[in-house]
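Enquirer: So that we are looking at the same thing, I have put the structure below in structure tokens.
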Amino acid sequence: MFTGIVESIAEVVHIETEGTNKTFTLKSSLVPEFKIDQSVNHNGVCLTVVAVEADTYKVTAIEETLSKTNLGLLKTGDKVNLERCMPANGRFDGHIVQGHVDQTGICTNVEERDGSWLFDFDYDGSVGNITVEKGSICINGVSLTVFNSQEHAFRVAIIPYTYSFTNFHSLKAGDSVNLEFDILGKYMQRILGSYRV
């Protein structure tokens, strides 16, 4: 389990295609703390560390993951948000994030607001995911608060720290992002959706 509080950014240094899978080699300052079989959140996607070297490590994304996330669009040099699993004795600073991306969305607008930024996103509402005003959303692994919630769109505000410390500083209109909707909202929707009067 994760909280959506990004610890670091990794750089993609190599991508190897193996059948329908892709193995990513990434460089990060967190590598000395990684071990094989560890779960690490990459842009909101929980992946298992399969190799660790001096300053790089490897993770593999299977076809299912590549088809439902934006990881298949990664190129050498791209930056990825990282978060290790939440420790049992740690603070819960974000919200419950599983690292299981529900779908991708598209950034439709970026607006600078004298020290902060507003980002607008569209997503396919027919899949059944929803946002609620002042609810939580995980975008590329970052826990954020939704406002201007609509049936197929929403907006988030980004503070300078988050803008600089995550890959939000390189996000532009037209870019694909990974979305994990709030787990509590998903359970409520499932319960209420199956309830018939």
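The values are calculated or read from the model by the stated rules, or taken from the named source; none is laboratory data. This is a predicted model, so every value here is computed, not measured. Using ideal geometry, Cβ is built from the backbone for each residue, glycine included, and neighbour counts are taken over all protein chains shown.
Enquirer: Can you give me the number of residues within the range 29-51 that are within 20 Å of VAL101 (Cβ to Cβ) and among the small types (Gly, Ala, Ser)?
Expert: Number satisfying all stated conditions: 2.
Enquirer: Since LYS172 meets every condition but one in (1) modelled with pLDDT of 95 or more; (2) surrounded by 11 or more Cβ atoms within 10 Å (Cβ to Cβ), which condition does it not meet?
Expert: Failing condition for LYS172: (2).
Enquirer: Against the condition surrounded by fewer than 18 Cβ atoms within 10 Å (Cβ to Cβ) and either in contact with a strand residue (DSSP E or B) (Cβ under 9 Å, 6 or more places away or on another chain) or not basic (Lys, Arg) (or both), how does ILE36 come out, does it pass?
Expert: yes
Enquirer: Confirm whether THR76 is closer than 21 Å to VAL142 by Cβ and either not aliphatic (A, V, I, L, M) or not assigned by TED's automatic domain parsing to the domain that holds HIS169 (or both).
Expert: It is false that THR76 is closer than 21 Å to VAL142 by Cβ and either not aliphatic (A, V, I, L, M) or not assigned by TED's automatic domain parsing to the domain that holds HIS169 (or both).
Enquirer: If you don't mind, another one. Would you mention how many residues in the range 1-41 are in a strand (DSSP E or B) and touching an Asp or Glu at 6+ places or on another chain (Cβ under 9 Å)?
Expert: Residues in the range 1-41 being in a strand (DSSP E or B) and touching an Asp or Glu at 6+ places or on another chain (Cβ under 9 Å): 13 in total.
Enquirer: Residues of the range 7-53 being among the small types (Gly, Ala, Ser) and within 15 Å of ARG84 (Cα to Cα), which ones?
Expert: Result: SER8, ALA10, SER28, SER29, SER39, GLY44.
Enquirer: If I filter the range 87-103 down to residues being among the polar types (S, T, N, Q) and under 19 Å from the mean Cα position of the chain (by Cα), which single residue comes out as farthest from THR65 (Cα to Cα)?
Expert: Applying the filter and picking the extreme gives GLN98.
Enquirer: Got a sec? Which strands (runs of 3 or more DSSP E) wholly within the range 73-172 have at least 3 residues that are of a type in the set (S, T, N, Q)?
Expert: In the range 73-172, the matching strands (runs of 3 or more DSSP E) lie at 103-112.
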